[in-house]
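The values are calculated or read from the model by the stated rules, or taken from the named source; none is laboratory data. Keep in mind that this is a model prediction, so the values were computed, not measured. Ideal geometry is used to build each Cβ from the backbone, glycine not excepted, and the neighbour counts take in all protein chains shown.
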């Protein structure tokens, strides 16, 4: 019996996240513990928390889970695991251990689908060198899956979204468009080649990108997920107290994602992300509407957005290409704060 998980959801992957505006309101009520060993917490809305164990070791802690973003249970498990592990890579850490987080409607899905999701997660975690040592499951509809991940990092080598500096170049390691492509898939509008490419990119670990960042001692980065390229760029700009200038014509797009957007296939998450960022956004008058919306397309297991020293940018780009991240490209620059945190150009 063939299972199609997409028949069970209205929005999946990181598109299912609550809006960043709602999240910001919720976090106001979360008390923050005072501990000198907490090196990174939610204060800057970074990718993960970091806790110092001793002078040479800190733990990177993160969790992520969501409803299905694709039809096949095994591929869903792979994508969810890659996405969960990505936050550790974004901060320059080495992921080590994980726990499964599983919500599974036992009366509506056969146990074989449950097993395939877990197998997909296990195989992708194994590829990353992560050992899954347990987890927690509840009966819930629609199904959801992800991981709680622990990684190691040296306390003095943490990469954060507060590390962008004026004069840096901005490098993006994966093309944009997974939200639009998968929404098009659910509507029967996306072609098979684009769907296959979107799933390949979502399954692609950010491990090699993280290794390049560590080689060049990059200080500022984030991964691009549910808040979209411009949304996560906004978090980086605010944390770093700078402005990011992004040239949307240079941003690589997956297959026919632009045409899908032009045909009106723009997921609701894009509008939620734009609504949150609009007051912090400066876009040139001639900016293409579709490119504006693509800038806020919610990505699932997206690439790394790196803020790198201008004089190292070409060398970093060359190494990323050699590592197989052939879509990596310089998409803009970090400038002094100029009234708005995100500047979008054509």
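Take residue 236 and decide whether it is closer than 24 Å to residue 265 by Cβ and at pLDDT 95 or above. Before the answer, list the steps.
Working: closer than 24 Å to residue 265 by Cβ: no; at pLDDT 95 or above: yes.
When the stated conditions are applied, residue 236 does not pass them.
Looking only at segment 22-59, count every residue that is surrounded by 15 or more Cβ atoms within 10 Å (Cβ to Cβ), touching a residue at least 40 places away in the same chain (Cβ under 8 Å) and touching a strand residue (DSSP E or B) at 6+ places or on another chain (Cβ under 9 Å) and tell me the total.
Of the residues in segment 22-59, 10 are surrounded by 15 or more Cβ atoms within 10 Å (Cβ to Cβ), touching a residue at least 40 places away in the same chain (Cβ under 8 Å) and touching a strand residue (DSSP E or B) at 6+ places or on another chain (Cβ under 9 Å).
Quick check on segment 165-174. Is at least one of its residues free of Cβ contacts under 8 Å to residues at least 40 places away in the same chain and either out of contact with any helix residue (DSSP H, G or I) (no Cβ under 8 Å at 6 or more places or on another chain) or under 29 Å from residue 343 (Cα atoms) (or both)? Outline the logic, then answer.
From segment 165-174, those free of Cβ contacts under 8 Å to residues at least 40 places away in the same chain are none; that's our starting set.
Checking segment 165-174: not a single residue is free of Cβ contacts under 8 Å to residues at least 40 places away in the same chain and either out of contact with any helix residue (DSSP H, G or I) (no Cβ under 8 Å at 6 or more places or on another chain) or under 29 Å from residue 343 (Cα atoms) (or both).
Output the residue which, of all residues in segment 240-260 that are more than 20 Å from the chain's Cα centre (by Cα) and crowded, with 20+ Cβ neighbours inside 10 Å, is farthest from residue 198 (Cα to Cα).
The selected residue is 242.
The rows are residues; the columns are (1) modelled with pLDDT under 95; (2) more than 22 Å from residue 200 (Cα to Cα); (3) touching a strand residue (DSSP E or B) at 6+ places or on another chain (Cβ under 6 Å).
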| position | (1), (2), (3) |
| --- | --- |
| 306 | no, no, yes |
| 309 | no, yes, no |
| 312 | no, yes, no |
| 315 | no, yes, no |
| 321 | no, no, no |
| 333 | no, yes, yes |
| 341 | no, yes, yes |
| 345 | yes, yes, yes |
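What is the number of the single condition among (1) at pLDDT below 95; (2) surrounded by fewer than 24 Cβ atoms within 10 Å (Cβ to Cβ) that residue 68 does not meet?
So residue 68 meets the others, but not (2).
Give segment 304-328 a look and list any residue that's within 25 Å of residue 280 (Cα to Cα) and crowded, with 19+ Cβ neighbours inside 10 Å, or say none.
Hits for segment 304-328 are 304, 305, 306, 307, 308.
Answer yes or no: is there a residue in segment 266-282 that is assigned to a loop (DSSP other than H, G, I, E, B), at pLDDT 95 or above, surrounded by 20 or more Cβ atoms within 10 Å (Cβ to Cβ) and touching a helix residue (DSSP H, G or I) at 6+ places or on another chain (Cβ under 8 Å). Reasoning before the result, please.
Here is the first cut: in segment 266-282, the ones assigned to a loop (DSSP other than H, G, I, E, B) are 266-267.
Subsequent filtering for residues that are at pLDDT 95 or above retains none.
No, the conditions are met nowhere in segment 266-282.
Only residues that are out of contact with any strand residue (DSSP E or B) (no Cβ under 6 Å at 6 or more places or on another chain) and more than 20 Å from residue 224 (Cα to Cα): list them for segment 144-183, please.
154, 156, 157, 167
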